[in-house]
Amino acid sequence: MRYYAKIRKVLERKLGEAKRRKSLDPYYGMRPKLGRGIFLSAPMRFDGKTAEVSNDIDSAELRRAALFWDRLVWPDSRIVSVASNSDEKFLENAGILVRPRPNRFDEQLGIGDMLSLIRIEHGSNASIGGETGRLFAKEHIEEYLSLDQKEPGQWVLSEGEKSFYLENDNFRSGRGQLVTLANAIPLPSADFPINDLLEFKLKRSDEIIGLTSELDKFYSQVSNAADQNFELNRLIRVIDRHCADMIKVSKECKWKFHLGEVSYSLSVDAIESAFNRAVSWEAIGLVTTGLPLVGGALGGLASMVSFGRGIGARRLRDRSSPFKVVASIHKELVI
C-alpha cells in the first residue's frame, strides 16, 4: 500500500505541474516533443535524365526553415556531396541543422571507401546525368520518406525552384489538396543574420507556434467538421489573426522581413476525396479568387488564402498534416 501511495503522490505532482504549465502556455501540448522538422535541399532540378545541382541551400530558404521549423535536415550525400557554408555550419553547431550521409546506393554506384563520388564546393554547381543523377534524386526522396516513416506527420519536404524540384512516382497530381497563403506571411530576408533570427524566434515563439500549429491541422479540422463550410470560414479567421500577429511583431524587428507566398500540400485518404474537395472549393470560387486575409494589417495590399487541387504523396496518404511546402519571397517589405 505504501508503494502505491508513493506512486499516487508522484502522479499527482506531475499532473499538477502539467496543469500549471498548461495554464501558463496557451500552446502546451501542441508542439511535437522533438519539434517540427523540414527536409531541405540545395537548389536541384531533376528532369528524369539529368540532375542540375547548385552549391548552398538558398539563403532565404534556410532562414525561413530556421524560423518556422525546429529541426532541419539536409543530407550530405555520398553520391553528390555539397559543402556547408558559414550559415549552415552555424546551424549545425547549434544542433538545429543535421547532415546525415545516406549510403543506400553506394554499392550500386561503386562508391566504396570514397568520401563522395562528386564534391561540390561553395560557389560552384554541377550537372549529373545517367544513373548517378537518377539515384541521387531518388536517394533524396527515400531519405525524406524514411524520416516520415519513423515520425509520421512530423516532417515536411521543402520543394520549389530554389530548393528541390522533380517529377516522381511517389507524388502524383490530383491526389492532394493545395492551400496557398499569398502576401500573408512575413519571411526573413536573405541577409537576415542567423543568430538574430534565432533570437527573434525565441522571443516571438507564441506568434510563430500559433500560426504554424493552425496551418498544420487546417485540413484535418475542415475534413472532420460536421459543417465544413462553417469550419472553413472559422479557421480562415483564426489564420487571419495569426498572420496579422506575425506581421505586427515582424515590424518591430530591426532586420527586414518580406511578404511571402507559402503553399502547403496535403495528401488525402483517396483520390475521390481530393477530387470532391477540390470541386466543392472551385464551386464557391476559392480556387480562383481566394478569401482575403490580414485585413488592415498591410495597408491595403491584397493578401489571401486560396485552395485547389495539388500533388498527393502515394506513400503518405494517411497523414492529415502538410507533407510538402513551397515558399517564395515577394519584393514588398513588411514596414
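Tally Lys and Arg at +1 and Asp and Glu at -1 over the other residues with C-beta under 12 Å from the C-beta of residue 52: what net charge comes out? Once positives and negatives cancel, what remains is 0. Carbon-plus-sulfur accessible fraction, region 51-92 (probe radius 1.4 Å, protein heavy atoms only): 40%. Using the 1.4 Å probe convention, the accessible area of region 94-218 works out to 47 Å² per residue with neighbouring protein chains retained. Let me know the whole percent of all Cα-Cα pairs from region 35-149 that are separated by more than 22 Å. It works out to 30 percent of all Cα pairs. Across region 132-144, coupling constants 3J(HN,Hα) worked out from phi with the 6.51/-1.76/1.60 Karplus curve, θ = phi - 60°, read 5, x, 5, 6, 5, 5, 5, 4, 4, 5, 4, 5, 5 Hz, and Gly and Pro carry x. Using a cut-off of 25 Å between Cα atoms, the listed pairs 89/248; 150/248; 217/324 include 89/248; 150/248 as exceeding that distance. Against the criterion of solvent-accessible heavy-atom surface with a 1.4 angstrom probe, 258, 242 sort, most first, into 258, 242.
Our summary of shape: the Cα atoms of region 40-106 have principal axis extents of 35, 23, 19 Å, ordered from largest down, in whole angstrom.
Relative to the current alpha-carbon distance between residue 202 and residue 231, full extension at 0.36 nm per residue lengthens the span by 7.3 nm. Mind listing the phi-derived Karplus ³J(HN,Hα) values for region 197-213, rounded to whole Hz, using 6.51, -1.76 and 1.60 with θ = phi - 60°, and x for any glycine or proline? These are the phi-based 3J(HN,Hα) values: 5, 5, 5, 4, 4, 5, 5, 10, 5, 4, 5, 5, 5, x, 6, 5, 5 Hz.
Put a dot 7 Å past the Cα of residue 121, heading toward its Cβ, do the same for residue 248, and the two dots end up 5.0 nm apart.
The values are calculated or read from the model by the stated rules, or taken from the named source; none is laboratory data. It should be emphasised that the depicted structure is a prediction, and the values quoted were computed from it without experimental measurement. Cβ atoms come from the backbone with ideal geometry, glycine included; neighbour counts cover every protein chain shown. Only protein heavy atoms, including side chains, enter the accessible area calculation; ligands, DNA and RNA are left aside. Shrake-Rupley method; radii C 1.70, N 1.55, O 1.52, S 1.80 Å.
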